[in-house]
Amino acid sequence: MCTKMNPDRFNPTLSVDEYLAETNVLFYLNDAVTQLLEHKEEYTQFGIVRYFSEYFSSVKNGNHVLFREFGYIKATAHNRASFIRVLWRCFRQIGKNGDLLAMLEYSSLLQLLCPDFPVEMVQHAARIVLMDDAMDCLMSFSDFLFSFQIQFYFEEFLESIAVIYQDLLSGKSPNTVIVPTSTSVEQLPQVATEETEAQEGVDSSVFGECIEGLCERFKHNHPSTSAIREVLEQTQRVTFYGFVMALVRHEGVNQDIGALPNKLELLIDPEMDQEVEKLIAQIAISPTSNSSSSAPGHKEPPRKASPRKSLHHRKRIEMESDGSTEETDSSEN
C-alpha cells in the first residue's frame, strides 16, 4: 500500500470521510492554520488568501517539507515521498561527482534539510547497504539514497517484519508467530547480529505468508503484495536484510513510491541542469559584473548578511524553481 496523493481530486467512489483520510486534508489544514497563527504578523501583511494558496501549492509540489521538523516530514506518505525527492534534488551533485560518504556524513546532510532528523534512521538505512560491513564504511550516494527511501518510507513495515523474521529465526511455528503492528526500532540491529549466526535465513514461503497476513490489516505504508511475492519467489530461503535489499532494488516498488527516477536516470536531470545554466548565465551578465566595481584597484565592500527569513519565506525562495539553486556543476561524471 504505497499511498500517494490522488491526482483525481474528486473521486466519486470515495465518501467524504474516505477522501479526507486518503488526502490528509485535515492534517495539512491544521498545520496551515498553526503556521499562520505562529507567524501572524508576517503573513497577514500579504493576505490570508495568498498565504493559504502558497501553502497548499507548496504541499502539492512537494516543497513543503524543507526545513520542517521530523515529526512533520514523516506524518504522511506524501510528506515522506516529498522529503526523499528533496534529498535527491539537493544532493544529486554528490552522486555525479562519484563521492563516497560515511553514515555520519549522510546524517549531517539530512540534518541540513531537517535539523532534528534522527541519526538512528540513518544508521538503519546504512545497515541495509553495508550488511555485515563496519558502519564506518563509505557508501555511494545512489546506494544510500535508495536504501534510505525504503527505510524511511516503509519504516513501520520494516519494524514489524523484523519481529516476524526474528520469531521464525528462533524456531517458532508460523502459527505461533505474532504479527505485530508496531515495535521498537532498536530491534533492527539485533536482527543483523542474529543473521551473522544464521546466514541461511528463513523459509521464503513461510516468511511471505506471515508478511501477507501483516499487510491485510496494516495501517501504515507497505510494498505491494505482488512485489513482495516476486521478491520471495526468487529464492527458497531469505535473510532479513537480503529481503530488504531486494525491495531496494525492485523497480516496481520504487515506481509505487514515486519519489525517485530509476537508478540509471538518478543522476540525470536535464530540467535542473538547464535551470543551473540559466542561473550561471544571469550571474555572468549581471550589471554588477561589468560595473566599475570590477575595475582594477576597486575593492568591493563586504556584503551584509541578510536578516533571517521566516521558514515559509525561505522555503518559497529555495524551492520555488524546483531545486535550481541546489548545485553549481551540471557536468556528467
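Some points to look at:
- Each part reduced to its alpha carbon centroid, the stretch 130-154 and the stretch 260-274 end up 20 Å apart.
- Pairs exceeding 22 Å between alpha-carbon atoms, taken from LYS74/LYS172; LYS60/LYS96; LYS96/LYS263: LYS74/LYS172; LYS60/LYS96.
- Relative contact order computed over the stretch 50-123 (Cα-Cα under 8 Å; 6+ residues apart), in percent: 35
- Ranked by the mean number of other Cβ atoms within 10 Å of their residues, highest first, the peptides 208-220, 91-103 come out as 91-103, 208-220.
- Loop-located GluC sites (Glu not before Pro) in the stretch 49-123, at most 16 other Cβ atoms within 10 Å (DSSP): GLU69
- Here the extension length gained between ALA281 and THR34 equals 84.9 nm, from 0.36 nm per residue of separation less the Cα-Cα distance.
Values quoted throughout were computed directly from the atomic coordinates according to the rules given, and no laboratory measurement underlies them. Remember, predicted model here, so these are calculated numbers, not experimental data. For neighbour counting, all protein chains shown are included, and Cβ atoms are generated from backbone atoms with ideal geometry for every residue, glycine included.
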